[in-house]
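Each remark here refers to the structure printed beneath this line.
The values are calculated or read from the model by the stated rules, or taken from the named source; none is laboratory data. This structure is a prediction, so every number in the text was calculated from the model and none was measured. Here the Cβ positions follow ideal geometry from the backbone for every residue, glycine too, while neighbour counts run over all protein chains shown.
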Amino acid sequence: MLNDETDAPVERANVLLQNGNERQGTSTDARGRFQVALAPGEYTVEVSALGYQEVRRTVTVRAEEATSVTFTLSPREYSLNEIVVEDQRQETETAVTTVQRVDNAAIETQDAADVSELAELVPATHVQTNSRGQTILYFRNAGDRQVGQFFDGALLNIPWDNRVNISLIPASVVEEMTVTKGVPSVRYGANVLGGAINFQSRTLDSRGQRTELEGVLGTAEQRRASVTHLGRTENWDYTAAVQYTERGNQPLAGGLDLQNNQPL
């Protein structure tokens with residue numbers, strides 16, 4: 001199989017041989033050659049290749065005799081209409097971003113000790129304690145280093161590993177949460193492909209001070225005590241909280257066989 005203009009071999013040309021209802025096919029190699037074992041008879045040979053005109057020829061194959069044929073393919077010119085490329089500017093408002101706001105009423109119903117216990121208020125969100133004892137927040141199974149966490153707009157993530165232990169933030173100081181998923185705004189900075197969450201602190205509606213005391217007793221020797229102080233002046237709002245939490249061991253039934261449990 002040769003190029004009609006340059007005599008260069010044409011590789012990967014399609015060869016179809018037909019004799020009545022019998023059909024066989026093959027393709028040329030890098031040297032433009034092909035080989036097919038056929039029964040004696042008269043065959044119609046069709047050759048086609050991308051960029052070349054199709055060729056058809058009748059070839060007679062005789063018994064116990066090799067038949068050699070040479071095809072020359074003429075380059076084919078394609079006529080195309082003009083190509084028009086159109087685009088339309090996408091407005092910022094139509095960008096795919098999911099923003100959810102969790103208000104104070106929903107937060108108070110949780111009776112949470114810290115913000116890690118508020119994760120169930122946000123769909124597709126969960127928390128997990130890593131090997132260092134840090135409670136880490138995850139969005140939609142994104143990497144733990146791809147979630148930005150802010151408090152009143154200030155980044156909480158530790159720079160060296162871009163993580164933050166959210167169990168250190170008492171829930172008593174949080175007024176509301178704003179969660180951004182999908183494609184976050186550039187204002188959140190780098191490493192927020194998983195999303196961003198902003199915890200907004202509680203403030204007073206007017207100037208003054210307020211101190212709140214809370215004590216909780218629960219099962220499994222659970223005890224919690226917290227002091228939250230809110231203040232507002234003419235120029236400043238401030239919030240401070242101190243919390244102590246203790247949890248005992250969870251009692252189990254005697255003789256319970258736990259899988260994968262290591263004896264002490």
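For Ala171, work out the one condition from (1) touching a His at 6+ places or on another chain (Cβ under 6 Å); (2) within 24 Å of Glu246 (Cα to Cα) it doesn't fulfil. Looking at each condition in turn, Ala171 falls short on (1). Candidates Glu212, Glu221: the one that is among the acidic types (Asp, Glu) and closer than 25 Å to Asn130 by Cβ is Glu221. Do we find that Ser226 is crowded, with 17+ Cβ neighbours inside 10 Å, under 22 Å from Thr109 (Cβ atoms) and over 38 Å from the mean Cα position of the chain (by Cα) in this structure? For Ser226, the condition - crowded, with 17+ Cβ neighbours inside 10 Å, under 22 Å from Thr109 (Cβ atoms) and over 38 Å from the mean Cα position of the chain (by Cα) - is met.
Among the residues that make up segment 96-106, is at least one of them assigned to a helix (DSSP H, G or I), closer than 24 Å to Leu168 by Cβ and either touching an Asp or Glu at 6+ places or on another chain (Cβ under 6 Å) or at pLDDT 85 or above (or both)? Yes, the conditions are met somewhere in segment 96-106.
Pick from segment 68-90 the residues that are under 15 Å from Val15 (Cα atoms) and assigned to a loop (DSSP other than H, G, I, E, B): which of them is nearest to the chain's Cα centre (by Cα)? Checked segment 68-90; the qualifying residue nearest to the chain's Cα centre (by Cα) is Phe71.
Scan segment 107-140 for residues that are part of a helix (DSSP H, G or I) and out of contact with any His (no Cβ under 7 Å at 6 or more places or on another chain) and the total you get is 8.
None of Asp152, Asp103 is surrounded by fewer than 16 Cβ atoms within 10 Å (Cβ to Cβ), out of contact with any Ser or Thr (no Cβ under 7 Å at 6 or more places or on another chain), under 19 Å from Thr239 (Cβ atoms) and not assigned by TED's automatic domain parsing to the domain that holds Leu217 except Asp103. Cβ-Cβ contacts under 6 Å between residues 6 or more apart (or on different chains), taken from a first residue in segment 190-208 that is assigned to a strand (DSSP E or B) to a second residue that is of a type in the set (Val, Ile, Thr), are listed as Gly195/Val147; Gly195/Thr180; Ala196/Thr180; Ile197/Val179; Asn198/Thr178; Phe199/Val174; Ser201/Val173; Ser201/Thr239.
Contact annotation: no residue pair with Cβ atoms under 9 Å, 6 or more positions apart or on different chains, pairs a residue in segment 22-44 that is under 15 Å from Thr58 (Cβ atoms) and touching a residue at least 60 places away in the same chain (Cβ under 8 Å) with a partner that is assigned to a loop (DSSP other than H, G, I, E, B) and among the acidic types (Asp, Glu).
I'd like to know if segment 196-206 contains one or more residues that are modelled with pLDDT under 90, under 28 Å from the mean Cα position of the chain (by Cα), within 30 Å of Asp111 (Cβ to Cβ) and surrounded by 13 or more Cβ atoms within 10 Å (Cβ to Cβ). Yes; the residues of segment 196-206 include at least one that is modelled with pLDDT under 90, under 28 Å from the mean Cα position of the chain (by Cα), within 30 Å of Asp111 (Cβ to Cβ) and surrounded by 13 or more Cβ atoms within 10 Å (Cβ to Cβ).
The condition (being modelled with pLDDT of 90 or more and either of a type in the set (Phe, Trp, Tyr) or within 48 Å of the chain's Cα centre (by Cα) (or both)) is satisfied by just one residue among Asn3, Asn14: Asn14. Here Glu46 meets the list (1) under 28 Å from Glu5 (Cβ atoms); (2) surrounded by fewer than 11 Cβ atoms within 10 Å (Cβ to Cβ) almost entirely, failing just condition (2). Across segment 136-149, the qualifying residues are those that are surrounded by fewer than 19 Cβ atoms within 10 Å (Cβ to Cβ) and either modelled with pLDDT of 80 or more or at negative phi (or both), and the one among them that is nearest to the chain's Cα centre (by Cα) is Ala142. Of the residues making up segment 24-48, those that are more than 20 Å from Glu65 (Cα to Cα) and of a type in the set (D, E, K, R) are Asp29, Arg31, Glu46.
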